[in-house]
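The values are calculated or read from the model by the stated rules, or taken from the named source; none is laboratory data. Remember, it's a predicted structure, so these values are computed and weren't measured experimentally. Cβ sites come from the backbone with ideal geometry, for glycine too, and all protein chains shown count toward neighbours. Surface areas here come from the heavy atoms of the whole protein model, side chains and all, with no ligands, DNA or RNA. Shrake-Rupley method; radii C 1.70, N 1.55, O 1.52, S 1.80 Å.
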Amino acid sequence: MHFSRFPRVHLAHLPTALEPMDRLSETLGGPRVWIKRDDCTGLSTGGNKTRKLEFLMAEAAAQGADLVITQGATQSNHARQTAAFAARMGMDCHILLEDRTGSNDVDYNTNGNVFLDYLHGATAEKRPGGLDMNAEMEAVAETFRAKGRNVYTIPGGGSNPTGALGYANAAMELVQQANAMGLKIDRIVHATGSAGTQAGLIVGLKAINADIPLLGIGVRAPRPKQEENVYNLAIATAEKLGCPGVVARDDIVANTDYVGEGYGIPTPECLQAIEMFARLEGILLDPVYSGKGGAGLVDLIRKGEFAGDENIVFLHTGGAVALFGYTGAFGYDRPAVQAAE
Ligand SMILES: *Cc1c(COP(=O)(O)O)cnc(C)c1O
């Protein structure tokens, strides 16, 4: 895999750290759990979209775009990171936000990622839940093109073969880090949504023959749909990278048992995982993605899914900014004086 063949803007802080979480590991009494800090990629607090946007936004620049349009859920981390990239590269950014949760909560609708979208200078418009958002976005792009703008559109989550290159590259980075530390990785676990992270990772892992199984924890779609989305994108990404055929269908594993009521609706286990990581490791997960991924990891460890002598890497995909859209879910709004009594 020779990534320099593809246009790329080097804005991410890489390599991200790979660290043990020994207090969490001891508390759970299972394997040794490590964390790959892709929540710390630099721009606008970071997150997993940054690696994808390095390739996507380079393509936008190469095409002479002056306006980038993307879409996501109201508390989309991808939209916020795109707005930050556009700001850094001197482009305008317009975002379509889909109301996937139906929440009327003021923080959910205006704080967290929404606040940062506007802070980075992006404009936004809303859509009700359930529409074909990429089609909505293309229609909006046409109206801007008719006004003479040079528009580059980015699909939800930055998940197309160009964006997934970022995670094929991340697989190579992680394996190099582990080799330098003498660390044998037995499994990689992460939250999977629009599929680009898992698709890129599996292509990278297979292309370098790493022999490390990958487990996605779903946050939205049921298992067959999620795995199909990842598989289709992995095939297209492998072709783009010049290694067609490296990924087999059974390399794609998504556990969707931790979605709960739906996308963007935190489960009790998700909130518990967020508190656990915060209180044992000082690490911030988020209520939509990494919290559910963390909940899956914790539950699978408790169920004995991993052997005690294994090393498990949890890829932290970021998202903590969304916590400020969900403060009500934690019930900490009691006055401090009451807590002291
Ligand atoms: C987008 C996102 C994911 C999921 O990554 P995909 O590539 O969309 O599957 C996981 N965690 C966070 C915090 C995200 O923002």
query: Within the group Thr110, Thr82, Thr123, which residue is under 20 Å from the mean Cα position of the chain (by Cα) and not aromatic (Phe, Trp, Tyr)?
result: Thr82
- prompt: Counting just the residues of region 67-101 that are touching a Gly at 6+ places or on another chain (Cβ under 7 Å) and part of a loop (DSSP other than H, G, I, E, B), which one comes out least open to solvent (accessible area, probe 1.4 Å)?
  reply: Gln75
statement: By residue number, the members of region 146-171 that are buried (at least 18 other Cβ atoms within 10 Å of the Cβ) and of a type in the set (A, V, I, L, M) are Val151, Ile154, Ala164, Leu165, Ala168, Ala170, Ala171
- line: Those strands (runs of 3 or more DSSP E) completely within region 120-204 that have 2 or more residues that are under 18 Å from Cys243 (Cβ atoms) are none
query: Among the residues of region 258-275, is there at least one that is within 16 Å of the ligand (Cβ to nearest atom), closer than 24 Å to Thr50 by Cβ and without any contact (Cβ under 8 Å) to a residue 12 or more places away in the chain?
result: no
message: Checking the structure you have, find out if any residue of region 265-276 is of a type in the set (D, E, K, R), surrounded by fewer than 22 Cβ atoms within 10 Å (Cβ to Cβ) and closer than 23 Å to Ser76 by Cα.
response: yes
statement: Given (1) free of Cβ contacts under 8 Å to residues at least 12 places away in the same chain; (2) open to solvent by less than 20 Å² (accessible area, probe 1.4 Å); (3) under 21 Å from Lys240 (Cβ atoms), Ser4 misses just (2)
